[in-house]
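What follows is one structure encoded as C-alpha cells, with my remarks underneath.
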C-alpha cells in the first residue's frame, strides 16, 4: 500500500507542469489599494458604461492606473505604464476614449481587455497591460494589487 501511495504521489508530482509565469519583466508588482468614489466629479464618468478615467495619485500603480466601466457594474483596472518597456519619461500612457496609447512607440491597448491592438508582426515578445483586481460596492470602485 505504501508503494502504491508513493507511486501515485510521484506521478502527481511529475504530472504537474510548471512553465513559469508570463510575468512582465518591465513592470514591478506594486502593492496598493485605491478607492474611487463615484460621487466625486473626478470619478463620476465611471457611472457610464464604456467610460474610463486615468488615476495618477501617488502610490497608485507604477505610473498610475486606468479604470473603465465595462458594464453591468463590472470594472477593470490596468497599469498606466506601457507594458513593453521599462518606465521612463514617455511610458505613461494617455487615455483616448477606451484605448490607452503609449507615446514612446504609439502602441495602443484596449481598456476593455488590456490587449495590445497594434501588435507588430516582427517575432518579438510583446506584453498586454498589467491588470489589477477591482471590486464594486457602495458607489465606490476599489482597486488593489
Residue span residue 104 to residue 57: 0.36 nm per residue of separation minus Cα-Cα distance leaves a gain in nm of 14.7 nm
Rounded to the angstrom and largest first, Cα extents along the principal axes for the range 85-145 equal 46, 24, 23
Quick one: the Cα spread of the range 28-144 along its three principal axes, in angstroms, biggest first? 46, 26, 20
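Computed from the coordinates by the stated procedures, all read-outs in this text should not be read as laboratory data. Note that the coordinates shown come from a computational prediction; the quantities given were computed from them, not determined experimentally.
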